[in-house]
1. Calculate the spin-label point distance for ASP74 paired with GLN166, positioning each point 7 Å from the Cα along the beta-carbon direction, and give it in nanometres.
2. So how strong a dipole does the stretch 175-274 carry about its Cα centre when Lys and Arg Cβ are +1 and Asp and Glu Cβ are -1, to the nearest 20 debye?
3. Toward the positive end of the charge dipole of the chain, about the Cα centre and with charges on Cβ (Lys, Arg +1; Asp, Glu -1), which of VAL158, GLY42, TYR258 goes farthest?
4. On a 0 to 90 degree scale, rounded to 10, what angle separates helix 367-379 from the longest Cα axis of the chain?
5. How much net charge surrounds VAL354 when only other residues with a Cβ under 11 Å from its Cβ are counted (Lys, Arg +1; Asp, Glu -1)?
6. For helix 162-174, report the angle its Cα long axis makes with the longest principal axis of the Cα atoms of the chain; keep it between 0 and 90° and round to the nearest 10°.
7. Output ³J(HN,Hα) for the stretch 263-278: one whole-Hz value per residue in order, computed from phi by the Karplus curve 6.51 cos²θ - 1.76 cosθ + 1.60 with θ = phi - 60°, and x for Gly and Pro.
8. Where Lys and Arg each count +1 and Asp and Glu each count -1, what net charge lies around ILE51 among other residues with Cβ under 12 Å from its Cβ?
Amino acid sequence: MPKLENRVVGLDIGTTKILAVVGEITDKGLDIVGIGSSPSHGMRKGVVVNIDSTVESIKKAVEEAELMAGIEIDGVIAGIAGSHIKGFNSRGVIAIKDREVTQGDIERVIDAAKAVAIPMDREVLHVLPQQFVIDEQDGIKKPLGMSGVRLEAEVHIVTGAVTSAQNIIKSCNRAGLEVHDLVLQQLASSYAALTEEEKELGVALIDIGGGTTDIAIFHQGSLWHTSVIALGGNHVTNDIAVGLRTPPAEAEKIKRKYGCAMAALVRPEESIEVPSVSGRESRTLSRMVLAEIVQPRVEEILELAKHEMEKSGFLEMIPSGVVVTGGSVLLEGLPELADQMFDLPVRRGTPRDVGGMVTVIDSPVYTTGVGLVLYGMHHRDGKGFGVGSGKTGLFRRGAHRVREWFGGYF
């Protein structure tokens, strides 16, 4: 199969599924031309716990995407998540050398902003500029060429555990893939689910996956807060399995088919068939019983997300409201419940601004995978800032970072 230079592949390595998405860059934008999905057996709460199982799942997802797209996949942009992810804001200040801001000045002030003490077991994943300040004039997005004496940069720094990153890279390498870059999953999701208007006005993205719930808050077009909650859709499934005394696999099917996050939306006469364990006869129960099991856990997840947003100080700065995405938000009534709890507009986030297989990917399940591809498209020419920002392109930067992580391993 041919290798196409104008394609980008995103690999969403999640707790419940591994998703490979192939995007082809065209004159009009991005077309999704291939998708591969496989159940994830080697992940827990967003981190690798069994490399061999993860490798097999990656291979299956990639092979499926290759067949659909008709190309050979040799490299990916992989997502990274987990409760080990930490984000914080930082500021750097420099003197402008020639009274006019050059690219070198921008790189120096970014370096100054990210010159913070980070433990040896952690690695910087992203350095994302929020705004620049020139001689006390704030709100500047592109300072290049502007006149001034003093240049400041405010940035959001995202760090993760080195070992978690290494295990993702190892898993991809063993599956025959080069990792071009590791991207924070909620950052990737924002590329697919959010509009520029929402980011500018202020919006919160809540990505509820199988093992974790990832939060990202945008204001004035920039990322200001990231956090991760170690609860997700799997916890809802476990509650159903225990509450209804049914095997976990059956609990997952029941959740997807009949689950509802708001008991008030369920009609009293609705009933469901519940398989029992050890070959016992199935039982017929009211759907209301299921909703009363699901709703408290979903409320807990949303309450923790709200608490994180309050703690960040940005809850009052998101007039655009909340966008919920990820496979778990397919639960009936979840946006309505979130609307009540946050007292803000809430909508489901699905991939947008892409062509190709639009009807196939029109689901919150594909948001992170498509977002990884969009991230790759926007950054492959080296524009924008990140680790090793400046003239080095995304892929060279990613490869350099991978070599640094592994040191003398290879």
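The values are calculated or read from the model by the stated rules, or taken from the named source; none is laboratory data. Every value quoted in this text rests on a predicted model; they were computed, and no experiment measured them. Glycine gets a Cβ as well: all are built from the backbone with ideal geometry, and neighbour counts include every protein chain shown. To get the accessible areas, we keep the full protein, side chains included, count just its heavy atoms, and leave off ligands, DNA and RNA. Shrake-Rupley method; radii C 1.70, N 1.55, O 1.52, S 1.80 Å.
1. 2.7 nm
2. Working: 7 positive and 14 negative charges, 89 e Å.
The dipole of the stretch 175-274 has a size of about 420 debye.
3. The listed residue farthest towards the positive side: GLY42.
4. Helix 367-379 sits at roughly 10 degrees to that axis.
5. Values: positive: LYS28, ARG352; negative: GLU24, ASP31, ASP353, ASP362.
Computed value for this residue: -2.
6. That works out to roughly 80 degrees.
7. 4, 5, 8, 8, 7, x, 7, 6, 9, 9, 9, 10, x, 9, 8, 6
8. Numbers: positive: LYS170, ARG174; negative: ASP52, GLU56.
Local charge sum for ILE51: 0.
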